[in-house]
Structures are given as C-alpha cells and as structure tokens.
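The values are calculated or read from the model by the stated rules, or taken from the named source; none is laboratory data. What you see is a predicted model, and the numbers here were worked out from it, not measured in a lab. All Cβ positions, even for glycine, are placed from backbone atoms using ideal geometry, and neighbour counts span all protein chains on display. Note: accessible area is taken over every heavy atom of the protein model, side chains too, but ligands, DNA and RNA are not part of it. Shrake-Rupley method; radii C 1.70, N 1.55, O 1.52, S 1.80 Å.
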Amino acid sequence: MSQQTSTAPEDTVGGRDIFLISNSLDELGGVTTWSHQMARLFSDRGHRVHVIGIVPVAEELRQQLPADLPYATTTLYEAHPPAARQLQGIKGRLNAPERRRQAARRATMRAKADQLGELLRAARPGAVVIVTQVWAMEWLALADTKGCTVIGMSHESFEASNKSTRGQRVRRYYREVDRMLVLTPEDSDRWIRSGMDNVSSMPNPLPFMPASPAPRTGKVVASVGRLAFEKGMDLLLDAWADASAHHPDWVLRIYGAGAEEAALRAHAAGLGLTDSVEWMGSTNDVLGALRGASVFAQASRAEGFPITLLEAMAAGVPVAAFDCAPGVREIVTHDEDGLLARLGNTMELAGQLERLMASRELRDRLGDAAFHNVQRYSSADITDRWEELFSFLER
C-alpha cells in the first residue's frame, strides 16, 4: 500500500511528464531541496511533474514542504523495508527465519517496483525519469520503463561516491541509463576514465537570486547544514575556537538540525564556545538568515555541488570553506569571490575566517564578486540546459 501525499492538477497542457525519484521525498538535505526546486521549475515550464520517494523518513529528519505543491508526490512504502543482507556460507543458508525475511523483502520490493511501473506506463510519450539517488534506482531497475528516457544522477563527488558502496551501485545501476549526470565536468571526466561512457555534468541551480547583496553589517558568521558527520560542524567548531579568540565580539550562528546536535553542543562547550555559538535550529528562511550575516562558513568533509554555497554567494555573503570537492572549486574561485582552505585543515580555515572578520574591505570585495559571479547558475539558465538535454536524448 503506497502513500499518495498529493495530487497535482490534471489540466496540464503540453509539456512532458517528468518523474523525479529519490530515496525519500521529504528528507532533510540538499537532494530534497534540489528535487523540489526542479519540480517547481519544470512545472512552471508547463511540464507535468511527479516527485516519488521510495521510503518515508523519521519525523526528526523530515523537511517541511509547502501544502500547495503544484505537482504530485508519492511515497511507495508506508514503513522502511528491512535492510538487505547477504546470506553467506552454510550458516547463512541454514538461517531459515532470515531467508524468509529476505524473500518477503524481495517480494515486496517487486510489488513496489510494479506499482512504480504502473505510474510510468500512464505517462504520455516523451516522458523523462530522473533518479536523484542510486539507492532508489534499485526499484526503478525492476520497473517497466519502456518508452521513458531514464537519467541517473549522483549528487556527490566521484571521490566520495567511491569511498562508499554507492560507487559500486552507480556502476551497476547507471551503466545502461540514457544519461548519467554528475555535478561538475571534473567529476564527469573521472567517471568516464573509470569506464562509464554515458556521463555528462549538470550543475545545481540557484535557489534564489536577490536584487541586491546583503548589507554585511553584523558581526555574525553563519553556517547552514545538517548536523551530520559529513557536514563537518565539529571541524567548524575547532576552527571557530581559534578564530573567535581574536574576534570575541563576533558570533557563529549554526542553522540546522540532525542526530549530531547533542554531541556538537557538548563539543562546543568543551572548547569554551558556549557564549559565541548560537544554535538556531532548522530554518525555512535561509535568505533571511544569510542577510543577517557578514561571513559564511562551510567545513564539510564531502560535498557534491553545495547548494548552501550557492545560497551564500547569491546573498552576497563572502564564504570561507574547505576545498572538499570539485563542486566547491567550480563555485568558488579562491581570493576572487571566496576563500578556500585545504580539507580538514582547521587552522587554515580559522585563518580565512579571521581574514574576513578583520577586514570590511575584503568582505565587500569578495561578497560583491560572489553576488555577480554566481548568477551563471541562474534557475532559468540551468532549466534551459535540462530542456536541451531532454530534447537531445529524445532523438
């Protein structure tokens, strides 16, 4: 039994049927933000869009979505299915309860894939299926996609993908799709050199484009992101302990929620940062948060094409970030529209933060350059690139 979350109007004229398929349709994180941004952009172009999540997420990890979405959303499972496990050796083959559990999982997976196939079969000619995360591709691989163009995406760097099992899954499930998209030309080249011959790149679009840059008057450093290991908030706190010692009148505002919050608060207290770190929780007004800051900090261990960097630069807030992925280097040009530090080098990141906190002239120079340079990722330009790709693949 699937969970039908919402249904879009049925009077869409022209355009394509576009399906965006993710692990979950409302999980906190950049992929969810991207999916719903693109769904809205495609809807605005006259396409009929359906956002599909495979499984639901826990309440504490759920992103609040508007009630009036102009497109349909569906979650296939009502509860998360049991994890897949390998039954190895004689002991595994003799484990009858586990064998029954795995058989039941496969049967349910097949049923959900059939349901997904039914949605696709009802699409008009020229339909496009965009799989945003490779785990979700395991269900689409079992579904009937005849007549659909299938695009598989990886929203992380080549290096990050290949440090996990996702690298193997990409090679298995994306090898035969019509196009595999990554976020930067550098990562596209690396996938091609590794043996994938259907790869190209597509950057993320700007979530917003204000008419003017932020005033940059408050003595505030902002950071936005999930409170999770890969986002490196612990490393940011380490850097902040060094930087704030020289600028005691500045504060660090952290916007985000996640499982690591308690541990991060304890880490901040242990560093003596209780008075200079403000825990703001999740926000639905990222632009408002950024306009109250004069510097943006990002200490991620891994990224794809970080939307938070795009947001900060669109707001005209100068960034200091770890050079953790090709996507970061694609967005930020060091000392032209932001400052970069070597991955994991908290002393270097602290130094970049100090440079920005100490100099209004530097903040204004980098912030104004960021505001202008990032416009190359405007939502109109990126959506045009998607439209061109759809037409090319349909030939």
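Below, the figures for the structure above:
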| item | result |
| --- | --- |
| Residue that is least open to solvent (accessible area, probe 1.4 Å) [pool: residues in region 197-235 that are within 15 Å of Trp279 (Cα to Cα) and out of contact with any strand residue (DSSP E or B) (no Cβ under 9 Å at 6 or more places or on another chain)] | Ala228 |
| Residues satisfying the stated conditions in region 75-91, i.e. open to solvent by 100 Å² or more (accessible area, probe 1.4 Å) and at pLDDT below 80 | Arg85, Gln86, Gln88, Ile90, Lys91 |
| Restricting region 256-271 to residues that are in contact with a strand residue (DSSP E or B) (Cβ under 8 Å, 6 or more places away or on another chain) and either on the phi > 0 side of the Ramachandran plot or free of Cβ contacts under 8 Å to residues at least 24 places away in the same chain (or both), the residue that is least open to solvent (accessible area, probe 1.4 Å) | Gly256 |
| Residues of region 11-50 satisfying the condition of being touching a Phe, Trp or Tyr at 6+ places or on another chain (Cβ under 6 Å) and either more than 20 Å from Leu181 (Cα to Cα) or free of Cβ contacts under 8 Å to residues at least 60 places away in the same chain (or both) | Ala39, Ser43, Val49 |
| All positions within region 282-291 that are open to solvent by 30 Å² or more (accessible area, probe 1.4 Å) and either small (Gly, Ala, Ser) or on the phi > 0 side of the Ramachandran plot (or both) | Ser282, Gly288 |
| Residue selected from region 44-62 under the condition small (Gly, Ala, Ser) and at pLDDT 90 or above, by the criterion farthest from Trp386 (Cα to Cα) | Gly53 |
| Verdict on Ser188 being touching a strand residue (DSSP E or B) at 6+ places or on another chain (Cβ under 7 Å), in contact (Cβ under 8 Å) with a residue 24 or more places away in the chain and closer than 23 Å to Thr33 by Cα | no |
| Residues (over 29 Å from Val57 (Cβ atoms) and touching a helix residue (DSSP H, G or I) at 6+ places or on another chain (Cβ under 6 Å)) located in region 247-271 | His247, Trp250, Leu271 |
| Complete set of residues in region 242-255 that are in contact (Cβ under 8 Å) with a residue 60 or more places away in the chain and of a type in the set (A, V, I, L, M) | Ala243 |
| Flag for Thr149 being open to solvent by less than 50 Å² (accessible area, probe 1.4 Å), farther than 14 Å from Ile21 by Cβ, hydroxyl-bearing (Ser, Thr, Tyr) and touching a helix residue (DSSP H, G or I) at 6+ places or on another chain (Cβ under 9 Å) | no |
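For every residue, the table says whether it meets (1) farther than 16 Å from Arg301 by Cα; (2) among the charged types (D, E, K, R).
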position: Ala228; (1), (2): no, no
position: Pro248; (1), (2): yes, no
position: Val251; (1), (2): yes, no
position: Ala262; (1), (2): yes, no
position: Arg265; (1), (2): yes, yes
position: Ala268; (1), (2): yes, no
position: Gly272; (1), (2): yes, no
